[in-house]
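Student: Here you go, one structure.
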Amino acid sequence: MHSSSIALWYASRATGVVCLVLTTTVVLLGVLVSKQRRLPGLPRFGVVHLHRYLSLLAVGFVTVHILTAIVDSYVSISLAAAIIPFVSAYKPLWLGLGAVSIDLMAALIVTSLVRARIGRNGWRVVHWVAYAAWPIAVLHSIGTGPDLRRGPLLWLTLGSVLAVLAAIGWRAFGAKPRAQLVPELVAAHAPAASRQPVSHQRRTKTYQGIEAARR
Amino acid sequence: MATKPAIHLKVNPIACSGHGVCAELLPELISLDEWGYPLVSDKPVPAGLARQAKRTVTDCPALALLITRKEHDERA
Amino acid sequence: MTTFTPAVDLPRRKLRLLPPPGQPAIDLAEHLARYGPLPYRGGRGLLIDDVRAAGLTGRGGAAFPVHRKLTAVLRAADGRRPVVVANGAEGEPASAKDKSLLLLAPHLVLDGIQLAAEAVGADEAVLYVGTDERGSTWLTSLISQRRAAGVDLAAVRLIMAPPRFIAGQESALANRISGKPALPSFAPPRVYQRGVDGRPTLVQNVETLAHLSLIGRYGPSWFRAVGTADEPGTAICTLRQADGRVDLTEAPLGSPLASLLDLRGGPGCTAVLVGGYHGAWLPAATAAELTLSNADLKPHGASVGAGVLAALPQDRCGLRETARVARYLALESAGQCGPCRNGLPRIAGALAELADLSHPADAPWRRPDPEIIADLRRWAGLVERRGACAHPDGTVRFVASALRVFGAEVGSHLRGRCTKPNLWPFLPVAAGPTQEQDWW
C-alpha cells in the first residue's frame with residue numbers, strides 16, 4: 001500500500017512535468033497563431049489545430065496529475081484543496097497557486113469549446129487570462145516540490161520560461177495598429193518619381209504640406 | 001420533413017486579419033484574394049457542407065467568419 | 001447668390017432653410033417670433049405619419065426615407081432609452097452645406113432635434129459637428145440659451161467630430177460619441193439597434209432635421225409644394241463653379257443642373273462631379289440635360305448625395321483631379337479592413353501614375369504601363385462590398401466614373417501626353433491634421 005501510494009505520488013509529479021511541457025508548447029503555438037505564422041510542413045490550420053489538441057491533451061494530463069495527488073495517501077490533499085485556492089493543509093501557498101491555474105485553465109478550455117457561441121469579445125477577454133495561467137502554473141511547479149529546482153528539469157524550466165518570455169516579447173512589440181499602416185501603404189504605392197523613404201517627417205506632414213510639395 | 005432555412009457565410013472584415021485558415025478548411029466556398037483576405041461566396045451553403053462550414057467558423061483564429069441566415073448586406 | 005444667367009429660368013421661391021444672402025443667423029426670440037413655438041406633438045411617434053406623408057428623405061447622402069428610420073428606432077427603443085444624433089460632421093472636403101446651415105440657421109436644426117427626439121422617445125441628443133472651435137462654442141451657447149428658456153425638452157450636448165472623411169459614418173460617429181475613436185464598426189447590429197453607448201440611436205443629417213422642424217410646423221402638403229412628386233422638398237447644394245467660385249444655394253429637387261452650375265459661361269466646363277468624392281463624374285453635355293434628382297441621375301451612375309456639384313474647368317485634367325482625390329481617399333481609409341487598406345493605396349498609386357501626378361511641366365513624360373487599366377479594374381472589383389463601411393465602394397464608384405468619362409484623356413495619357421495645360425489643383429483636399437491616432 002505504501003509503495004503504491006508512493007507510485008501515485010511519483011505519477012503526480014511526472015504528469016505535472018508533462019503538463020508544464022505541454023502548456024508551454026500550447027502558449028508558444030498560441031503566439032504563433034496570433035502572429036499568423038506557419039510551422040514548416042503544416043498547413044495554416046495545422047497550427048490552430050495543434051494548439052487546440054495539445055491543450056486538450058494537457059487537460060488530460062493535468063486531470064491525472066490532480067487525481068493521483070488526491071488519491072495517494074503519501075500526502076494529504078483533498079479535492080477541495082486541488083480546485084479551491086489556498087485551502088490546502090499541505091503547502092497551502094504553492095498548491096493554492098496550482099488551484100488558481102487549474103481554475104483559469106478551466107475557463108480557457110470551456111470558453112474555447114463554445115467560442116463560436118459566446119462571440120469574439122467574450123472569448124478574447126477570457127483568453128488573455130492564458131498569460132496569467134501559465135506563469136502561475138510555473139510558480140506552482142517550482143514551489144510545490146524540489147523536482148524543478150535541480151538537474152535537467154531545472155534547465156527545462158528555465159528554457160520554458162525564456163521561450164515564453166521571448167514569444168510574449170515578439171507578440172507585444174510586433175505589429176503596428178492598422179490605421180497607422182495606411183499612410184505607409186499609400187506612400188509605398190505612389191509612383192516612383194515621388195517615392196521617398198517613409199520617414200517620420202513625411203508621415204507627420206499635413207495633407208496641405210504634401211499637396212503644396214506636389215504643385 | 002421541414003427543410004432548414006439556408007445559411008450563408010459572411011466575413012467580419014474588421015476582425016479578419018488574413019490568417020487564411022478558412023480558405024484551407026472550406027476551399028469549396030472560400031478562396032483568398034491577392035492580399036490574403038478571404039473571398040466568400042454569396043451563395044447559400046450546400047447542406048452537405050454545413051457541418052464543415054460550422055467547424056470552419058469555430059476554427060477561425062480571429063472569429064471573423066460568421067454564419068448568417070440572411071443574405072442581404074447590413075452595412076450602412 | 002449667383003451671378004451668371006441661368007440656362008433655365010427658376011421660378012422665384014422662398015428659401016426655406018437658408019436666410020437670404022448676406023443675412024446672418026437670427027436669434028432665438030426672432031426665430032420663435034417668425035416660426036412660432038416648437039410644435040411638440042405631445043407623445044412618441046405622433047410626428048411620423050406627417051413625415052411619411054411629406055416624403056422626407058435624408059440629406060446626408062443616402063436619401064433614406066426618414067419615417068422608416070424614425071419607426072425603426074422607435075421600435076428598437078422598446079424598453080431602452082434611445083439617443084438622437086444630429087450629424088453635422090461633413091467630412092467631405094468639397095461640401096460646406098452642413099457647417100453653413102449650422103452657422104446660418106442653427107435654430108431650425110435644434111428644433112428638428114427636439115421633434116425627432118420626441119418622436120422616438122429620446123430625452124438625450126447629441127449635436128455632432130465639424131465646425132471649428134468658435135462655431136462650436138457659439139452653438140453650445142445657443143443650446144444653453146434654449147434649455148434655460150424652456151424651449152428644449154431633450155438635453156442636447158455638442159461633440160466635435162474629428163476632421164476625417166469618415167467621421168460622419170454612422171457607426172464611426174456612434175463610436176466617437178461613446179468615447180472611442182471615430183472608426184466604423186461591423187454591422188449588424190446597426191446603430192438604430194445598438195449605437196451610442198449600446199443604445200438605439202437615430203442618426204440624421206442636420207439639414208434633414210431642419211426640414212423636419214418645418215414639416216412639423218407647416219405640414220406635409222407644404223413640404224411637397226416644391227420639388228418633384230417622388231423627391232419633394234429642397235436641398236442645400238455646394239456649388240463649385242468652373243471659375244473657382246464656391247456658392248451655397250438651396251434648390252428644389254428636380255431643378256435643372258444647368259440652372260445651378262454655370263456650364264456654358266466663364267472658363268467653360270468639360271465634366272461635372274455630382275455627389276462629392278463618393279459620387280460620380282458626368283460629361284458636361286450630359287449634365288446640362290439632367291436635373292437635381294435621383295430619378296435623372298441614377299441611370300447615369302450618379303446620385304444627388306449631399307448636394308455637392310463641381311464643374312471641372314476646361315483647362316484642367318480630370319484624371320489629375322481624380323488621382324489627387326483618390327490619394328486623399330486612400331489616406332482617409334480607417335485601415336481596419338484588409339481589402340480597403342490594401343486596395344485603395346494601390347488604386348491611388350496607379351491613378352497617380354496614369355495621371356503622372358508628379359509631372360513637372362517641363363520634364364519628359366514617363367509612359368505608364370498599359371496593364372495599369374486592367375490592374376485598376378481588378379482592384380476595384382476586389383475592394384467593393386468587402387469593407388465594414390461604404391468607403392471603398394464610394395471610392396470605386398468615383399474612380400470608375402472618371403475612367404468612363406475621361407476615356408479620351410486615359411488614351412492620351414497611355415500614349416504619354418496630356419492635353420490639359422493647367423496643372424493647378426481644382427478640387428479641394430482637406431488640409432488635415434497629422435496622421436495621429438488621437439485624431440480619429
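The values are calculated or read from the model by the stated rules, or taken from the named source; none is laboratory data. Since the model is a prediction, treat every value here as computed from it, not as a measurement. Don't worry about glycine lacking a Cβ; one is built from the backbone with ideal geometry, like all the others, and counts go over all protein chains shown.
Student: Among the residues of the range A:156-191, write down those that are among the β-branched types (Val, Ile, Thr), in contact with a Leu (Cβ under 8 Å, 6 or more places away or on another chain) and over 30 Å from residue C:323 (Cα atoms). Step through it out loud before you land on a result.
Tutor: Applying the first criterion (among the β-branched types (Val, Ile, Thr)) to the range A:156-191 yields A:157, A:161, A:164, A:168, A:182, A:186.
Remaining after also requiring in contact with a Leu (Cβ under 8 Å, 6 or more places away or on another chain): A:157, A:164, A:182, A:186.
Residues satisfying the conditions are A:157, A:164.
Student: Please state which one of C:96, C:116 is crowded, with 24+ Cβ neighbours inside 10 Å and either in contact with a Leu (Cβ under 8 Å, 6 or more places away or on another chain) or under 13 Å from residue C:47 (Cβ atoms) (or both).
Tutor: Numbers: C:96 fails: crowded, with 24+ Cβ neighbours inside 10 Å.
Residue meeting the stated conditions: C:116.
Student: Out of all the residues in the range A:123-161, which are buried (at least 16 other Cβ atoms within 10 Å of the Cβ) and among the charged types (D, E, K, R)?
Tutor: Once the filter is applied, which keeps residues that are buried (at least 16 other Cβ atoms within 10 Å of the Cβ) and among the charged types (D, E, K, R), the range A:123-161 yields only A:147.
Student: Let me ask you something else. Is it the case that some residue within the range C:321-331 is modelled with pLDDT of 95 or more and away from chain A (no Cβ under 13 Å)?
Tutor: Yes: one or more hits.
Student: Additional query: What single numbered condition from (1) in a strand (DSSP E or B); (2) closer than 30 Å to residue C:187 by Cα; (3) not basic (Lys, Arg) fails to hold for residue C:311?
Tutor: (2)
Student: Scan the range C:366-400 for residues that are over 18 Å from residue C:168 (Cβ atoms) and of a type in the set (Phe, Trp, Tyr) and jot them down. Walk me through how you get there before you give the answer.
Tutor: Let us first name the residues in the range C:366-400 that are over 18 Å from residue C:168 (Cβ atoms), namely C:366-386, C:396, C:399-400.
The answer is C:379, and nothing else.
Student: Another question about this same structure. Can you pull out every residue in the range C:81-97 that is more than 15 Å from residue C:131 (Cβ to Cβ) and either part of a loop (DSSP other than H, G, I, E, B) or of a type in the set (Phe, Trp, Tyr) (or both)? Please lay out each step first, then the result.
Tutor: In the first step, residues of the range C:81-97 are kept if they are more than 15 Å from residue C:131 (Cβ to Cβ); the result is C:81-85, C:94.
Answer for the range C:81-97, where residues must be more than 15 Å from residue C:131 (Cβ to Cβ) and either part of a loop (DSSP other than H, G, I, E, B) or of a type in the set (Phe, Trp, Tyr) (or both): C:81, C:82, C:94.
Student: Please list, ordered by first then second residue, the pairs with beta carbon atoms under 6 Å, 6 or more apart or interchain, first in the range A:40-67 and facing chain B (nearest Cβ under 10 Å) and closer than 12 Å to residue B:61 by Cβ, second outside any helix (DSSP H, G or I) and of a type in the set (A, V, I, L, M).
Tutor: Partner pairs satisfying both residue conditions: A:47/A:39.
Student: Could you tell me which residue of the range C:154-186 is farthest from the chain's Cα centre (by Cα), considering only residues that are at the interface with chain B (Cβ under 9 Å from one of its Cβ atoms) and part of a loop (DSSP other than H, G, I, E, B)? Explain how you work it out, then say what you get.
Tutor: Of the residues in the range C:154-186, the ones at the interface with chain B (Cβ under 9 Å from one of its Cβ atoms) are C:169-171, C:183-186.
After this cut, where a residue has to be part of a loop (DSSP other than H, G, I, E, B) as well, the list is C:169, C:183-186.
Values: C:169: 11, C:183: 18, C:184: 17, C:185: 20, C:186: 22 Å.
Among those that are at the interface with chain B (Cβ under 9 Å from one of its Cβ atoms) and part of a loop (DSSP other than H, G, I, E, B), it is C:186.
Student: Select, from C:385, C:324, C:397, C:378, the only residue that is in a loop (DSSP other than H, G, I, E, B), surrounded by fewer than 23 Cβ atoms within 10 Å (Cβ to Cβ) and among the basic types (Lys, Arg). Please lay out each step first, then the result.
Tutor: Details: C:324 fails: in a loop (DSSP other than H, G, I, E, B); C:397 fails: in a loop (DSSP other than H, G, I, E, B); C:378 fails: in a loop (DSSP other than H, G, I, E, B).
Every option except C:385 fails the conditions.
Student: Additional query: Exactly one condition in (1) out of contact with any strand residue (DSSP E or B) (no Cβ under 6 Å at 6 or more places or on another chain); (2) in the same structural domain as residue C:128 (by TED's automatic domain parsing) is false for residue C:201; which is it?
Tutor: (1) is the only condition that residue C:201 fails.
Student: With A:73, A:12, A:55 as the choices, which residue is part of a helix (DSSP H, G or I) and either of a type in the set (A, V, I, L, M) or at pLDDT below 95 (or both)?
Tutor: Values: A:73 fails: part of a helix (DSSP H, G or I); A:55 fails: either of a type in the set (A, V, I, L, M) or at pLDDT below 95 (or both).
Only one candidate passes the filter, namely A:12.
Student: Could you check the range C:386-398 and list, in sequence order, the residues that are more than 7 Å from chain B (Cβ to nearest Cβ) and either closer than 12 Å to residue C:346 by Cα or not polar (S, T, N, Q) (or both)?
Tutor: Selection gives C:391, C:392, C:393, C:394, C:396, C:397, C:398.
Student: Restricting to the range B:25-39, what's the tally of residues that are within 10 Å of the chain's Cα centre (by Cα) and either buried (at least 20 other Cβ atoms within 10 Å of the Cβ) or at the interface with another protein chain (Cβ under 7 Å from one of its Cβ atoms) (or both)?
Tutor: Qualifying residue count, the range B:25-39: 4.
Student: Are any of the residues in the range B:16-24 away from chain C (no Cβ under 14 Å), out of contact with any His (no Cβ under 7 Å at 6 or more places or on another chain), part of a loop (DSSP other than H, G, I, E, B) and surrounded by 14 or more Cβ atoms within 10 Å (Cβ to Cβ)? Break it down into steps so the answer makes sense when it comes.
Tutor: Within the range B:16-24, the subset away from chain C (no Cβ under 14 Å) is B:21, B:24.
Among the residues that remain, those that are also out of contact with any His (no Cβ under 7 Å at 6 or more places or on another chain) are: B:21, B:24.
Of the ones still in play, those that are also part of a loop (DSSP other than H, G, I, E, B) are none.
No.
Student: For residue C:370, which of the numbered conditions (1) at pLDDT 95 or above; (2) away from chain A (no Cβ under 13 Å) fails to hold?
Tutor: (1)
Student: Now for a separate question. What tally of residues in the range C:187-219 results from selecting those that are assigned to a loop (DSSP other than H, G, I, E, B) and crowded, with 24+ Cβ neighbours inside 10 Å?
Tutor: Selection size over the range C:187-219: 4.
Student: Hey, among the residues in the range B:1-15 that are outside any loop (DSSP other than H, G, I, E, B) and within 10 Å of another protein chain (Cβ to nearest Cβ), which one's surrounded by the fewest Cβ atoms within 10 Å (Cβ to Cβ)?
Tutor: Restricting attention to the range B:1-15, the residues satisfying the condition of being outside any loop (DSSP other than H, G, I, E, B) are B:8-11.
From what is left, the residues that are within 10 Å of another protein chain (Cβ to nearest Cβ) are B:10-11.
On the way: B:10: 19, B:11: 24.
Among residues in the range B:1-15 that are outside any loop (DSSP other than H, G, I, E, B) and within 10 Å of another protein chain (Cβ to nearest Cβ), the one surrounded by the fewest Cβ atoms within 10 Å (Cβ to Cβ) is B:10.
Student: Can you name the residue in the range C:139-151 that is in contact (Cβ under 8 Å) with a residue 12 or more places away in the chain and in a helix (DSSP H, G or I) and is also nearest to the chain's Cα centre (by Cα) among such residues? Before you say what the answer is, go through the steps one by one.
Tutor: Of the range C:139-151, the ones in contact (Cβ under 8 Å) with a residue 12 or more places away in the chain are C:139-140, C:142-143, C:145-146, C:149, C:151.
This time we only want the ones that are in a helix (DSSP H, G or I), so: C:139-140, C:142-143, C:145-146.
Details: C:139: 21, C:140: 23, C:142: 24, C:143: 24, C:145: 29, C:146: 28 Å.
Top of the filtered list is C:139.
Student: Is it fair to say residue A:14 is buried (at least 20 other Cβ atoms within 10 Å of the Cβ) and either within 19 Å of residue A:112 (Cα to Cα) or of a type outside the set (Phe, Trp, Tyr) (or both)? Walk me through it before giving the result.
Tutor: Details: buried (at least 20 other Cβ atoms within 10 Å of the Cβ): no; either within 19 Å of residue A:112 (Cα to Cα) or of a type outside the set (Phe, Trp, Tyr) (or both): yes.
It is false that residue A:14 is buried (at least 20 other Cβ atoms within 10 Å of the Cβ) and either within 19 Å of residue A:112 (Cα to Cα) or of a type outside the set (Phe, Trp, Tyr) (or both).
Student: Identify, please: which residue in the range A:95-122 is surrounded by fewer than 18 Cβ atoms within 10 Å (Cβ to Cβ) and among the hydrophobic types (A, V, I, L, M, F, W, C) and is, among those, farthest from the other protein chains (Cβ to nearest Cβ)?
Tutor: If we take residues in the range A:95-122 being surrounded by fewer than 18 Cβ atoms within 10 Å (Cβ to Cβ) and among the hydrophobic types (A, V, I, L, M, F, W, C), then A:106 is farthest from the other protein chains (Cβ to nearest Cβ).
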